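Q: Take this structure, written in structure tokens, and hold onto it; I'll ask about it next.
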Amino acid sequence: MNRAIIDEIQRAPELLLAIKESVDTDQRPGRFLLTGSANLMRLPRVADSLAGRMEVVRLLPLAQSEIRSASNSFLRDAFQNEAKAGEPIVGDDLMAAVLAGGYPEALGRKTLSRSQIRQKPCP
């Protein structure tokens, strides 16, 4: 089975009609993985939606236990009455963790200024 991964699909909305046609012809799931940071249904340039032909999965940022490679058994341990809170993040370390965010792309950047999302000022 041929598969395609298209990242930032919102930058190429003209592909959606071809994807829709392909899915209507061959309905096997998993042939296309479309990623993006925008809601396709809200984009003004999208002429045709893939409603009924796609599933939307919203990704959450990484948990601090994932970022710090710590065990993420807190909930399991809590239900067994064995929860240990671990080392808290406080002060400057807490501020750095909050500003760094939780998405892998931002976390991989070397400096805080490169990891920050810059928004254009409103006119």
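Q: Can you tell me which residue is modelled with the lowest pLDDT among those in segment 108-123 that are under 23 Å from Ala63 (Cβ atoms) and of a type in the set (D, E, K, R)?
A: Arg114
Q: Return the residues of segment 88-107 that are surrounded by fewer than 13 Cβ atoms within 10 Å (Cβ to Cβ) and modelled with pLDDT of 80 or more; say none if nothing qualifies.
A: Matches in segment 88-107: Val90, Gly91, Asp92, Asp93, Leu94, Met95, Ala96, Val98, Leu99.
Q: Can you name the residue in segment 49-87 that is at pLDDT 80 or above and basic (Lys, Arg) and is also nearest to the chain's Cα centre (by Cα) among such residues?
A: Among them, the one singled out is Arg58.
The values are calculated or read from the model by the stated rules, or taken from the named source; none is laboratory data. Not measured: the values here are computed from a predicted model. Note that we place each Cβ from the backbone using ideal geometry, even for glycine, and neighbour counts take in every protein chain shown.
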